[in-house]
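Here the structure comes first, spelled out in structure tokens, and everything after it is commentary.
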Amino acid sequence: MSMSSPEQDLILILMGDIYKMPNISIPKKIDWDKFLRLASLNKVSYYAVMKMMEDHNLDIEPEILKQAAMLRELEKEKLAKLGPSLEVAESALGQEPHLLSKTYRGYPHVTHDIDFLVHDLKKAQILFEKNGHKPLLWWDKRSFEVVEEGLLEIEIYDKISPGPYIFIDDSVVWSGNREAVIEGIKVRLPSIEADIMTYLADMSFRIYEILMGDVVYLYQLSAEADWKLMAEQAKKHNWLEQFDNMVAILNGLHRRLYGEASPMEEYLPTIAQVDLDFPYILSFPQVTRNLLGKGAKNLVKLPGYYSVRLKKGYPRLHKIYSKLVLVYLGQILGKYVYRS
């Protein structure tokens with residue numbers, strides 16, 4: 001079983017106040033270039049760099065601090081778009097029921113888009129048009145996006161999963177009364193169960209990896225969730241095996257990170273033997289079984305899995321590969337591979 005790197009250990013320690021401090025010794029020597037790349041791969045650059053610069057016990061060379069400060073400012077510029085983007089969406093949708101999905105993490109998180117869930121996609125599209133925006137309907141007609149200068153991309157769906165699969169009943173998604181205030185904007189969130197199941201379904205069928213920020217957010221939510229309800233939903237929508245496999249992996253990661261049982265073990269005591277290596281990428285046999293479980297036609301999505309593996313180990317080759325997939329498969333099939 002592979003050991004964690006010093007750079008990964010430090011990122012996990014710096015993120016310790018989100019959920020709990022990991023059972024990891026503070027590393028003595030850090031390759032800062034590797035640290036920054038690993039933080040980027042796990043989509044926690046802003047938080048990791050912010051905490052790194054606040055920790056005066058770290059021995060960091062001035063040139064590295066300068067590089068980190070530049071990165072922090074670039075990430076701040078992206079983060080600064082979040083409030084105005086939320087304000088535009090909230091203003092347009094008004095009293096029309098909507099939920100902010102897959103955007104809130106409970107800690108400062110930089111993203112390139114914000115996702116909203118609505119009951120009536122056509123009505124939401126008209127509301128944006130009335131507010132002077134130009135919503136662009138996606139080719140599959142299951143969502144639209146608003147792309148404007150100075151804002152994050154605003155994506156609107158009528159199902160919590162952007163692809164053709166159904167993983168959970170709409171009634172569960174819209175249940176509960178979760179709210180959050182993000183950049184001064186009050187938003188309503190999906191139920192805890194819907195939030196967790198969205199992440200587990202995405203990991204199983206679409207992104208094939210587990211990121212550091214995602215895992216601590218899921219652990220933070222897990223003690224409050226109704227795991228019996230989620231298991232019933234996974235069984236109803238024909239993905240209980242994949243659901244249980246993901247929970248077993250998260251149990252294994254929790255044991256290795258914190259030296260104790262995860263809250264999820266009360267539902268499923270199975271503990272997968274895992275490498276503590278983030279992003280944690282699912283194995284090829286597991287991904288193949290997951291996709292076959294939803295029908296053999298879904299094996300066309302395997303190029304997306306290869307892309308994930310290349311992104312982690314061979315970033316330059318990954319850029320070339322991703323472009324080739326979109327060129328040779330075409331835009332429509334390419335979007336299906338990477339998005340659905």
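The values are calculated or read from the model by the stated rules, or taken from the named source; none is laboratory data. Please read all numbers here as calculations on a predicted model, not as lab measurements. Please note: Cβ atoms are built from the backbone with ideal geometry, for glycine as well, and neighbour counts cover all protein chains shown.
With respect to the conditions (1) acidic (Asp, Glu); (2) more than 21 Å from Asp214 (Cβ to Cβ); (3) under 23 Å from the mean Cα position of the chain (by Cα); (4) at pLDDT 95 or above, Glu129 lacks only one, and its number is (3).
Out of everything in segment 144-170 that is β-branched (Val, Ile, Thr) and at pLDDT 95 or above, what residue ends up being surrounded by the fewest Cβ atoms within 10 Å (Cβ to Cβ)?
Within segment 144-170, the subset β-branched (Val, Ile, Thr) is 146-147, 154, 156, 160, 166, 168.
This time we only want the ones that are at pLDDT 95 or above, so: 146-147, 154, 156, 168.
Working: Val146: 24, Val147: 14, Ile154: 23, Ile156: 25, Ile168: 25.
The selected residue is Val147.
For segment 80-91, the count of residues that are part of a helix (DSSP H, G or I) and farther than 22 Å from Glu129 by Cβ is at least one. Contact annotation: residue pairs with Cβ atoms under 8 Å, 6 or more positions apart or on different chains, pairing a residue in segment 67-78 that is part of a helix (DSSP H, G or I) with a partner that is loosely packed, with under 14 Cβ neighbours inside 10 Å and modelled with pLDDT under 95, are Lys78/His112.
Within segment 36-64, the set of residues being over 26 Å from the mean Cα position of the chain (by Cα) and assigned to a helix (DSSP H, G or I) comprises Pro62, Glu63, Ile64. If the condition is being surrounded by 14 or more Cβ atoms within 10 Å (Cβ to Cβ) and of a type in the set (D, E, K, R), then segment 270-298 contributes Asp275, Asp277, Arg289, Lys294.
Annotation note: Cβ proximity below 8 Å between a residue of segment 106-128 that is surrounded by fewer than 17 Cβ atoms within 10 Å (Cβ to Cβ) and a residue that is in a helix (DSSP H, G or I) and basic (Lys, Arg) (sequence gap 6+ or interchain) occurs for His112/Lys78.
Of the numbered criteria (1) in contact with a helix residue (DSSP H, G or I) (Cβ under 7 Å, 6 or more places away or on another chain); (2) touching a residue at least 60 places away in the same chain (Cβ under 8 Å); (3) of a type in the set (Gly, Ala, Ser), the one Ala92 fails is (2). Does Leu257 count as crowded, with 18+ Cβ neighbours inside 10 Å, not in a loop (DSSP other than H, G, I, E, B) and not assigned by TED's automatic domain parsing to the domain that holds Ile11? So Leu257 passes the test. In segment 19-35, the residue that is farthest from Leu276 (Cα to Cα) out of those that are buried (at least 18 other Cβ atoms within 10 Å of the Cβ) and either within 21 Å of the chain's Cα centre (by Cα) or of a type in the set (Asp, Glu) (or both) is Tyr19.
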